[in-house]
Amino acid sequence: MSQLTWRKSSFSEGHTDTCVELAADTAGLPHLRESDDPEVVISTTPAALRALLRAAKAGELDRLGG
């Protein structure tokens, strides 16, 4: 995973390590990680990532955990 080029959201808080980063491998598969724990990487499919982003944009994840 070290060969991946990680990108942070433009909404990240300055240069802190409190955001989710995304990268795509050479096959186009997306990977996610928390910037404060970069060794833990979640790999997914483009379709699953699109569904996650749609749900987040629609506010469907706003009330998780309470």
### Query
With GLU13, GLU60 as the choices, which residue is open to solvent by 70 Å² or more (accessible area, probe 1.4 Å), at pLDDT below 85 and of a type in the set (D, E, K, R)?
GLU13
### Summary
Within the stretch 35-57, the residues that are touching a strand residue (DSSP E or B) at 6+ places or on another chain (Cβ under 6 Å) and either open to solvent by less than 50 Å² (accessible area, probe 1.4 Å) or among the acidic types (Asp, Glu) (or both) are SER35, VAL41, THR44, LEU49
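The values are calculated or read from the model by the stated rules, or taken from the named source; none is laboratory data. What you see is a predicted model, and the numbers here were worked out from it, not measured in a lab. Quick reminder, even Gly has a Cβ in these numbers, built from the backbone with ideal geometry, and neighbours come from all protein chains shown. For accessibility, only protein heavy atoms count, side chains too; no ligands or nucleic acids. Shrake-Rupley method; radii C 1.70, N 1.55, O 1.52, S 1.80 Å.
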